[in-house]
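What follows is a single structure, written as C-alpha cells, with notes after it.
FYI, it's all coordinate maths here, none of it is from the lab. Given the structure is predicted, the values throughout are model-derived calculations rather than measurements. Neighbour counts run over all protein chains shown; Cβ positions are idealised from the backbone, glycine included.
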Amino acid sequence: MGFQDGAGRAKDGMSHQLNLLDSSPASDQPVRWERSGLHLRHWPRWLDQQEHWLAALERDVPWKQEQITLWGRTHPLPRLTCWMGDPGCCYSYSGVYNTIEPWTATVQDLRQRVEEQVGWSFNSLLLNLYRDGRDKLDWHADDEPELDPAAPIASLSLGACRSFRLRPASPDRQPADTLSFELGQGDLLVMDPPTQEHWQHQVPQRLRLQQPRLNLTFRSIRPQAIRHAEPPAR
Ligand SMILES: O=C(O)CCC(=O)C(=O)O
Ligand SMILES: [Mn+2]
C-alpha cells in the first residue's frame, strides 16, 4: 500500500520529484500528489472489513470475461469485469460494449461511502477482478468520449496489493517520470481532472502472486451521453 517513501524515492529505485502537498495521516485528509497535469488524492487503507466486502463482491457481482479486439484480432480480456450504472449510462472501450448491470446493494453501499468522502456523485462504475497476478490492465487513460472530463475518477482497491503505475501521455516522457503506487487493502485513490488528459495508467502482471485483487472505478457519464429510453412503439 502507499506511494514512494517521503523522500519521493520509488521502491524500484527510481527518483521522482514529487510535490507532497499534504501528508496528514488523518483518515479524512487525503495525501495529495501533484505533477504537471496530475492531481491525485490518496486515502491509504480507507475501507476496513476487507473480508466482508471481498466475499460480498465476489459473490454478488455478475462478473464476465469480455472479448477485446486489437489490431483486428480478438482476445479474452485478462481480468473479469462488470459495468454498473444508472439507466442509460452506456460505456464502451477497445471494442467492448458493456451492458449496464443494476447497482447491487453492496455496491450501492460502497458508492455512497465513496461519494461522501470524495464530494462527488457518480452515475457509473467499472469493476475489475484480477483473479491472480497473471491478470493485468495495459496502459490507457480513462478518456472515452462518454466520460465527463471535468469529473474525478475514484478508484477503490480491495484484496492483494498490485502496482498501479502512472506515466505522462506525452511521447517525450522519460522512464524516471513513471510513478508507482501499491494499491489494495482498501486504498482509495482519486484521479482529479485533468489527469486523464495528460497521464496514462496500468496494472502490470505479478506472475508469482496468487491472491485476487478487486478494483472499483467510480465514473461520471456526461449528461449528453446518457441514452434515454426510446418512446414505446405505437
Ligand atoms: O485496477 C486498477 O487499479 C485500475 C483500473 C482502471 O484503471 C480501469 O478500470 O480503467
Ligand atoms: Mn483506467
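Quick one: net charge around Asp109, please, counting Lys, Arg +1 and Asp, Glu -1 for every other residue with C-beta under 14 Å from its C-beta. Around Asp109, the charge tally is -2.
Under the combined filter of DSSP loop state and at most 11 neighbouring Cβ atoms within 10 Å, segment 159-215 retains these trypsin sites (Lys or Arg not before Pro): Arg208.
Sequentially through segment 159-171, phi angles give Karplus couplings (6.51, -1.76, 1.60; θ = phi - 60°) of x, 4, 6, 10, 5, 10, 9, 10, 9, x, 6, 5, x Hz, Gly and Pro residues having no value and appearing as x. For segment 33-223, the residue among Leu129, Ile221, Pro102 whose Cα projects farthest onto the positive side of the dipole built from Cβ charges is Leu129. Put simply, the amide H of Ile68, placed in the peptide plane, has neighbours under 5 Å in His75, Leu77, leaving out anything fewer than 5 places away on its chain.
Computed from backbone phi with θ = phi - 60° and the Karplus coefficients 6.51, -1.76 and 1.60, the 3J(HN,Hα) list for segment 193-209 is x, x, 3, 5, 6, 10, 10, 10, 9, 8, 10, x, 5, 9, 4, 8, 7 Hz; x is used for glycine and proline. Taking the Cα centre as origin and putting +1 on Lys and Arg beta-carbons and -1 on Asp and Glu beta-carbons, what dipole magnitude results for the chain, to the nearest 20 debye? That gives a dipole near 660 debye.
Note on segment 90-234: Kirkwood radius taken over Cα pairs, Stokes-Einstein applied at 4 °C and 1.567 mPa s, translational D equal to 78 µm² s⁻¹.
Residues Cys90, Cys82 in ascending order of nearby Cβ atoms (within 10 Å, fewest first): Cys90, Cys82. When the helices of the chain are scored as -39500 (n - 2.57) per DSSP H run of n ≥ 4 and the total is divided over every residue, the value at 222 nm lands at -3500 deg cm²/dmol. Counting 0.36 nm for each residue step from Ala176 to Asp86 and taking away their Cα separation leaves a gain of 28.4 nm.
Under the criterion of Cα pairs below 8 Å and six or more residues apart, the relative contact order for the chain equals 26 percent.
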